[in-house]
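Read through the structure below, which is laid out as structure tokens, and then see the notes.
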Amino acid sequence: MDKTAFLAVFYSQFRRGKSAMTAFSLLSVIIITLFSFLSVKAAFDSSEFFESLGLIIWLMIGLAATNLSADVGVMDFSGRTGLLVLSQPVDRKTIITARLLACFSLMLLPLLILYLSGFLSGFALYRMYMPDALLSLGFAFLYALSFISFIVGVSSSSKEKSTPLSTGLTFSLLAVFVFAVFGKFIGIEPWFFLPYAGLIISSTITVPHPLHVNPGNYFFYYMPYAYEAAIIMLVYTAIFISIAFFNYSRREVI
Amino acid sequence: MVKNLPEIKLTGLTKKISKNNILENVSFEIKGYGITGYLGPNGAGKTTTLKILTNLIRPDSGQALINGIDSRDYKKTLRYVSALVDVPEPYPDMTVKEFLSFIGGLRGVKKDILDSRINSLKKELSLEDLNRKCGELSKGNKQRVVIAAVLLPDTDIILLDEPTSGLDPAESHDIKELLKKLKKRKLILLSSHLMDEVKELCNYLILIDKGKIIATGPIKQIIKKFGKGRGEKGLESAYLNIVGRNHG
């Protein structure tokens with residue numbers, strides 16, 4: 001891989017996403033602060049607080065990953081920039097890899113801020129330290145990587161940025177309804193659905209650990225096991241990175 | 001050590017887009033320094049040829065060789081080539097300097113060389129404020145930034161697709177003067193509609209129409225054979241005669 005070209009693309013993508021990253025970081029602090037006030041008002045116990053915190057992180061990852069990476073696979077084909085950029089002697093796989101990793105790097109700061117502010121609030125409110133917070137953070141990183149790979153894969157197959165953008169937002173915002181339909185109503189564990197794997201972020205930090213099947217809950221009827229979540233995320237990452245590589249390398253600038 | 005002369009060779013190049021034959025068995029060869037004009041009506045296949053040479057699209061059959069290397073091996077061939085194809089645009093959110101540095105980075109140009117190249121291109125192309133965002137530039141200024149990006153790597157072969165389009169007469173003049181200097185040490189393939197520009201800059205012509213090469217030769221020979229009159233008029237009438245004959 002051409003190191004200079006990789007760094008040139010990585011930094012350009014990083015610069016492009018910097019303002020979005022700052023906005024998400026600020027938004028994270030605001031959301032966690034508001035959420036903490038609301039949980040005091042609603043008299044949440046520690047379990048409810050940390051479960052909801054995990055779900056906020058899960059939702060924020062989907063939204064931020066979509067926002068940061070929706071244009072990665074399509075930007076040089078939908079506009080006129082590719083005419084110059086893709087006629088350089090650089091392996092296209094290097095370009096897409098650098099962009100994908102830049103998006104992932106951009107996610108790290110908002111994620112760390114979400115965890116830090118969330119767990120500090122939790123500690124302040126409940127004097128409780130969550131031993132599995134680091135495991136949850138690890139899953140959050142993996143979920144961010146798999147969500148970015150998914151969006152970049154969709155983006156590389158799209159004509160316009162609006163397609164990956166709407167796909168990512170739909171996946172993030174309507175996920176609980178998909179869980180409900182496939183879970184409680186149809187009785188099928190939605191293992192094929194990436195946001196389902198992301199629920200592990202919440203369930204890992206919750207005390208007591210939730211059951212795999214929760215008959216009393218419409219929206220979270222099934223929760224993934226840790227190994228199951230990891231496999232789903234890794235499979236999504238592998239499949240959609242392959243799709244992105246294939247499309248981006250083969251696609252013509254007509 | 002004697003440096004090999006730059007060379008472009010197309011053999012039997014064919015390309016269909018949406019079932020339309022854009023290129024049909026296109027073959028030509030250009031070797032050595034100078035500017036070759038690539039002329040033809042709109043939709044003749046000029047831009048498609050340049051896109052194949054720069055790996056923006058792939059041919060259905062045939063070969064495009066650059067310095068003897070197949071253009072499919074684009075990481076090698078594009079080291080010798082810098083191209084302005086169609087109407088490219090710089091990233092709107094980058095400043096002019098960031099964009100030129102980005103292209104330099106893709107090419108692996110070292111920082112000190114890059115800075116001096118950017119400064120010399122700033123003078124030669126009268127680039128305005130390097131810290132301005134590309135998205136805020138006028139069409140003409142964007143075109144100059146793109147030309148700067150094309151000239152930045154100092155390659156042996158330059159492909160230019162209507163480089164003066166969108167520029168005012170003074171800006172076009174500057175570009176033409178720059179090309180006159182460059183033609184002594186580069187192989188330039190210039191696609192253009194402007195007869196005076198072609199007449200002024202080119203030594204050799206390739207005419208394409210409906211995806212087929214319809215005439216090639218030194219510019220004087222083409223005017224003598226097909227044209228009536230002298231100068232631009234001679235070239236214009238030669239062009240009209242050749243294309244008209246192909247359509248008739």
Here the equivalent ellipsoid of chain B, derived from its Cα gyration tensor, has semi-axes (largest first, whole Å) of 30, 21, 17
For residue B:9, give me every one of the aspartates and glutamates with a C-alpha distance below 13 angstrom, ignoring sequence neighbours fewer than eight places off in its own chain. B:29, B:70
How many times 2.2 N^0.38 Å is the alpha carbon radius of gyration of the stretch A:3-250? 1.05
Among the aspartates and glutamates, which have Cα under 17 Å from the Cα of residue B:228 when same-chain residues fewer than 8 positions away are ignored? B:196, B:236
Quick calc: nm separation of the 7 Å Cα→Cβ label points for residue A:178 and residue B:58 -> 3.1
Positive-end residue of A:7, A:128, B:55, charge dipole of the protein assembly as shown with Cβ unit charges: B:55
Rounded to the nearest 0.05, what FRET efficiency do residue A:120 and residue A:211 have when you use their Cβ-Cβ distance and R0 = 25 Å? 0.30
Given the options A:68, A:173, A:137, state which has the largest fluctuation in a GNM of chain A using a 10 Å cut-off (strictly under) for Cα springs. A:173
With a ≥ b ≥ c taken as the square roots of the eigenvalues of the C-alpha gyration tensor of the protein assembly as shown, please select rounded if a/c is under 1.5 and otherwise prolate if a/b is larger than b/c or oblate if it is not? prolate
Comparing A:92, A:15, A:127 in a Gaussian network model of chain A (Cα, 10 Å), the one with the largest mean-square fluctuation is A:127
P(r) of the stretch B:11-122 in 5 Å steps, Cα pairs, percent per bin? 2, 10, 17, 19, 17, 14, 11, 7, 2, 0
Pairwise label distance in nanometres, residue B:200 with residue A:169, each label 7 Å out on the Cα-Cβ vector: 5.0
Mind giving me the FRET efficiency for residue A:227 and residue B:138? R0 is 45 Å, r the Cβ-Cβ distance, nearest 0.05 is fine. 0.20
Over 26 Å apart: what share of the alpha carbon pairs of the stretch B:123-236 falls there, rounded to a whole percent? 27
Reduced to Cα centres, the span from the stretch A:154-229 to the stretch A:93-110 in Å works out to 24
Once you put a point 7 Å from the Cα of residue A:15 and another 7 Å from the Cα of residue A:48, both along the Cβ direction, what distance in nm separates them? 4.9
With a cut-off of 8 Å between alpha carbons and a minimum separation of six or more residues, what is the relative contact order of the stretch A:3-250 in percent? 28
Ellipsoid semi-axes in whole angstrom, largest first, where each is sqrt(5λ) of the Cα gyration tensor of the stretch A:1-123: 38, 12, 10
Chain A: most fluctuating residue of A:224, A:110, A:131 per GNM, C-alpha cutoff 10 Å: A:131
In range of the label at residue B:123: residues from the stretch B:139-155 whose backbone nitrogen is under 19 Å from the point 7 Å along Cα→Cβ: B:145, B:148-149, B:151-154
In nm, what is the difference between 0.36 nm times the number of residues separating residue B:212 and residue B:225 and their Cα-Cα distance? 2.7 nm
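Just so you know, all these numbers are worked out from the coordinates, no wet-lab data involved. Quick caveat, the model's predicted, so the values are computed rather than measured. For neighbour counting, all protein chains shown are included, and Cβ atoms are generated from backbone atoms with ideal geometry for every residue, glycine included.
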